Amino acid sequence: MQKTLEVKGMVCPFPLIEAQNEIEEMNSGDVLVVEFDCTQGTESIPSWAAEAGHTVTNFEQLDEASWTISIQKK
Amino acid sequence: MSYMIITGLLCGALLGFVMQRGRFCLTGGFRDMYIAKNNRMFYALLIAIAVQSVGVFLLIDLGVFEYSAGSLPILSVIIGSFIFGIGIILAGGCATGTWYRAGEGLIGSWIALAGYMLMSTMMKSGVFAPFNQQAQASAVFPTNSIAETFGINHWVIILPFVAIVGFIVYKQLTKPKVVVPSLKPKRTGLAHILFEKRWHPFVTATLVGIIALIAWPLSAATGRVFGLGITTPSANILQYLTTGDQGNLNWGVFLVLGIFAGSFIAAKASKEFRFRMPDVKTGINSFIGGNLMGVGASLAGGCSIGNGLVMTAMMTWQGWIGLVFMILGTWTASYFVFVRPRQKAKAAKLKEQVTPA
């Protein structure tokens, strides 16, 4: 299953907190796509995902100050 | 005058650039010690303190400039730092963080900055100045320098501190590495390193420490014997703009303007600049946070840079006590802003599952 979380306009650490809450509700193997525009999230979200043991399947910049990251729950 | 403008702007621009690209956010760092049990950014701050401390005391020993830490208004440092810590959580960034985020185009940071500049000015030369002076004059200890209090040479404190920081860095770097996924590279060479690559927090911290060190002789040459500082210069800008008195212009004013410019350049070149409007709640929080930052930093005689990075490196009580209470302030605010809402949401959900519909 794949789910998209739109957190554009939110400032850090809220994109990260929303992503953490969301992934807690999901099942192992599910993918969460987070779309965010908070610059500091480019550091905090992948760092959290890696340390929590989830797999980042995609991470790219879409536009000026706009990013997407796909996290597969472990 | 032109020397002051050029070196101030340059030093600030370097700092703004490095902080923006390195995501050097002290607010986030203090907050994550509590909500994520992650001390990486705090260790990074210690590295920046250590680099600056060794450099500045070498310069002082060589006679490049003289520095006296003065006295310690302990009560206003404690209360002010705590208020400042609460403010930076609400504003979503410390004083420097707010300046560099403003350069990224975040309107919320512009709002915070407006509140911060206004309140610092009111505390330093406006209606609250008598209150501020009274607070500064109560509970004052005669010596601020830790070495002076114990009657020892400053290196007796600096060298063990550097050894501890070195040990922490060694432990951190030899830990089993978690690979942090990075963005798909779209550029090569220097452009990739400067405008795209993820900077390791410790590398960023070392650069911040070096810039904080360079700031001392550059600023001292204009008669302002101090390093990086944000609060007083931010107030000076508003004082100059509203009175037209050129006496308010100093090296620090150009430093903070440089931070804004440097961050804008870094963000623009990295395709990270965009005007972003916050929602109403974030906007209000930013304004309240900015005002609390102004009150707190004025009382404490420094923000997370002035006290947390510079006065700590000078091995003063003000720096280290200020840093501790600033961190406690961010933890207190983090509990109410991040931790409690989460616990409440969880409890509500649990109740929903337990109670049969």
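The values are calculated or read from the model by the stated rules, or taken from the named source; none is laboratory data. It should be emphasised that the depicted structure is a prediction, and the values quoted were computed from it without experimental measurement. As a convention, Cβ positions derive from the backbone with ideal geometry for all residues, glycine included, and neighbour counts pool all protein chains shown. Accessible surface is based on the protein model in full, side chains and every heavy atom, while ligands, DNA and RNA are left aside. Shrake-Rupley method; radii C 1.70, N 1.55, O 1.52, S 1.80 Å.
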Original post:
Has the stretch B:101-110 got any residue that is farther than 24 Å from residue B:319 by Cα, in a helix (DSSP H, G or I) and open to solvent by 20 Å² or more (accessible area, probe 1.4 Å)?
Top reply: yes
Original post:
Are any of the residues in the stretch B:238-255 without any contact (Cβ under 8 Å) to a residue 12 or more places away in the chain, of a type outside the set (Gly, Ala, Ser) and not in a helix (DSSP H, G or I)?
Top reply: yes
Original post:
Any residue at all in the stretch B:12-31 that is among the charged types (D, E, K, R), over 18 Å from residue B:266 (Cβ atoms), open to solvent by 40 Å² or more (accessible area, probe 1.4 Å) and modelled with pLDDT under 95?
Top reply: no
**OP:** Please determine, by comparing only the residues of the stretch B:319-357 that are polar (S, T, N, Q) and within 13 Å of chain A (Cβ to nearest Cβ), which one is farthest from residue B:83 (Cα to Cα).
**Re:** B:353
**OP:** For the stretch A:60-74, enumerate the residues that are of a type outside the set (D, E, K, R) and at the interface with chain B (Cβ under 9 Å from one of its Cβ atoms).
**Re:** A:61, A:65, A:66, A:67, A:69
**OP:** Could you look through the stretch B:137-194, keep only residues that are touching a Pro at 6+ places or on another chain (Cβ under 8 Å) and under 23 Å from residue A:46 (Cβ atoms), and pick out the one that is surrounded by the most Cβ atoms within 10 Å (Cβ to Cβ)?
**Re:** B:181
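Residue-by-condition table, conditions (1) in a loop (DSSP other than H, G, I, E, B); (2) on the phi > 0 side of the Ramachandran plot; (3) among the charged types (D, E, K, R); (4) more than 14 Å from chain A (Cβ to nearest Cβ):
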| position | (1), (2), (3), (4) |
| --- | --- |
| B:20 | no, no, no, no |
| B:32 | no, no, yes, no |
| B:41 | no, no, no, no |
| B:56 | no, no, no, yes |
| B:59 | no, no, no, yes |
| B:69 | yes, no, no, yes |
| B:80 | no, no, no, yes |
| B:87 | no, no, no, yes |
Subject >> residue B:261 vs. criteria within 14 Å of chain A (Cβ to nearest Cβ) and assigned to a helix (DSSP H, G or I) >> reply: no
**OP:** Determine whether residue B:298 is assigned to a loop (DSSP other than H, G, I, E, B) and either open to solvent by less than 10 Å² (accessible area, probe 1.4 Å) or farther than 22 Å from residue B:15 by Cβ (or both).
**Re:** no
Original post:
Which one of these is open to solvent by 30 Å² or more (accessible area, probe 1.4 Å) and among the small types (Gly, Ala, Ser): B:209, B:223, B:229?
Top reply: B:223
Subject >> Single residue of the stretch A:11-39 satisfying the filter (facing another protein chain (nearest Cβ under 8 Å) and part of a loop (DSSP other than H, G, I, E, B)) that is most open to solvent (accessible area, probe 1.4 Å) >> reply: A:11
**OP:** Say whether the condition of being part of a strand (DSSP E or B), more than 10 Å from chain B (Cβ to nearest Cβ) and buried (at least 16 other Cβ atoms within 10 Å of the Cβ) is met by at least one residue in the stretch A:46-59.
**Re:** no
